[in-house]
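Visitor: Dumping the structure here so I can ask a few things about it.
Quick note: the coordinates plus some simple rules give every number you see, no bench work behind them. Quick caveat: nothing in here was measured; it's all calculated off a predicted structure. No Cβ is skipped: glycine too gets one built from the backbone with ideal geometry, and neighbour counts run over all protein chains shown.
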Amino acid sequence: MMLLAIDIGNTNIVFGVFKKKKLITHWRIFTEKNKTADEYGILLMSLFRLSNINPSSITGIIISCVVPPLTGIFTQMSEKYFNLTPLIVAPGIKTGLAILYDNPHEVGADRIVNSVAAYHKYGGPCIVVDFGTATTFDAISAKGEYLGGAIAPGLYISAEALSEKTAKLPRVEIKKPKNVIGKTTVASIQSGLYFGYIGLIEKIIFHMKRELGEQTKVISTGGITDEITRQIKIIDYQDPYLTLEGLRIIYERNQ
């Protein structure tokens, strides 16, 4: 069995190809809402050729999408270029996770997928921190129940908003400054973004662990997890492919 897992986020789309249970390759592209099914299909065919993978070897496709217009686009792409109807992560799908949100339909597909993978791989209770366009925190109980979580602006959104909503503050490279007390405007912005963001992450995790218990494991994933995770000692595991693994697990549970 070869599975194509597609995680469609607001900023990036991540593709992963699994052979049996092993992730053999993956690609990340920029999310473009106006691309057609053919444009995405041609791009994906090119990526397959560059990786020496025959598209006809794909026997299943699963999609997690938080950009509603692209669900239909990728369904069309899957049917036309792979002759497969994809499994969409949506309400009613088997996840093996009890959703205790007041309205389960409000929970983003990516948050459910991450939670399934985290509980499957690390057990519970656990917290998943996903560094994406938004930074999400998801809590899973020891019994495998999705309890809810928190959502905060992502680091890059914060940086863009600071530049766009002020007259004189520039857009800066996001990196760790030498000192917390900046001596220039650029260094001051970098300090506020970098150390302020780490403080936000640590404080939310601290309070969530107080509710879940100190034995709670913390797993990070997402596009900027390398840059941030090494500065946050309260994070136990860094798992950049957690979402793709969750898609594989959900696909298998629905066969």
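Visitor: So, R0 is 41 Å and r is the distance between the beta-carbons of residue 181 and residue 237; what FRET efficiency does that work out to, to 0.05?
Guide: With R0 = 41 Å, the Cβ-Cβ based efficiency is 0.80.
Visitor: Order by neighbour count: 140, 88, fewest other Cβ atoms within 10 Å first, most last.
Guide: Ranked by crowding around the Cβ, least crowded first: 88, 140.
Visitor: Full-extension gain between residue 101 and residue 67, please, as 0.36 nm times their residue separation minus the C-alpha to C-alpha distance.
Guide: 10.2 nm
Visitor: In whole percent, what relative contact order does segment 98-246 give with Cα contacts below 8 Å and a gap of six or more residues?
Guide: Numbers: 235 pairs, mean separation 37.6, N = 149.
Rounded, it is 25 percent for segment 98-246.
Visitor: Relative contact order for segment 2-88 using alpha-carbon pairs under 8 Å, separation at least 6, rounded to a whole percent? Each step should come with its number before you reach the end.
Guide: On the way: 135 pairs, mean separation 27.7, N = 87.
After rounding, I find 32 percent.
Visitor: Do the sum for the chain: with -39,500 (n - 2.57) for every DSSP H run of n ≥ 4, divided by all residues, what is the mean residue ellipticity at 222 nm, to the nearest 500 deg cm²/dmol?
Guide: -12500 deg cm²/dmol
Visitor: So in the chain, what percent of DSSP beta bridges are antiparallel if you round to the nearest 5?
Guide: The answer is about 60 percent antiparallel.
Visitor: Would you tally the net charge around residue 51, using a Cβ to Cβ cut-off of less than 15 Å, leaving residue 51 out, and scoring K and R as +1, D and E as -1?
Guide: +4
Visitor: Arrange the following residues from fewest to most other Cβ atoms within 10 Å of their Cβ: 78, 163.
Guide: 163, 78
Visitor: Helix check for the chain. Which DSSP H runs span at least 15 Å along their own axis by Cα, with a mean Kyte-Doolittle hydropathy no less than -0.5?
Guide: Flagged H segments are 37-50, 68-82, 109-122, 185-212, 242-253.
Visitor: Now for a separate question. Which entries in 143/233; 175/203; 80/143; 165/233 show an alpha-carbon gap greater than 30 Å? If you can, show how the numbers build up before the last one.
Guide: Details: 143/233 26 Å; 175/203 20 Å; 80/143 41 Å; 165/233 33 Å.
Correct reply: 80/143; 165/233.
Visitor: Arrange 4, 212 by Cβ neighbour counts within 10 Å, fewest through most, would you?
Guide: Starting with the residue having the fewest Cβ neighbours, the order is 212, 4.
Visitor: From the square roots a ≥ b ≥ c of the eigenvalues of the alpha-carbon gyration tensor of segment 98-246, which class results: rounded (a/c under 1.5), prolate (a/b over b/c), or oblate?
Guide: The shape class here is prolate.
Visitor: Also, I was wondering about something else. Which length gain, in nm to one decimal place, applies between residue 85 and residue 46 when the Cα-Cα distance is subtracted from 0.36 nm times their residue separation?
Guide: Taking 0.36 nm per residue and subtracting the Cα distance, the gain is 12.0 nm.
Visitor: Take the alpha carbon gyration tensor of the chain, find the square roots of its eigenvalues, order them as a ≥ b ≥ c, and report rounded if a/c is under 1.5; if not, report prolate when a/b exceeds b/c, else oblate.
Guide: Oblate shape, in that a/c is at least 1.5 and b/c is the bigger or equal ratio.
Visitor: Alpha carbon centre of segment 179-255 versus segment 52-107: separation in Å?
Guide: 26 Å
Visitor: Okay, moving on. Give the calculated FRET efficiency between residue 206 and residue 29 to the nearest 0.05, with a Förster radius of 35 Å applied to their Cβ-Cβ distance. Working shown, then result.
Guide: Working: r = 35 Å, r/R0 = 1.01.
It comes out at approximately 0.50.
Visitor: May I ask what percent, to the nearest 5, of DSSP beta bridges between residues of segment 2-88 are antiparallel?
Guide: Taking every DSSP beta bridge within segment 2-88, about 65 percent pair in antiparallel fashion.
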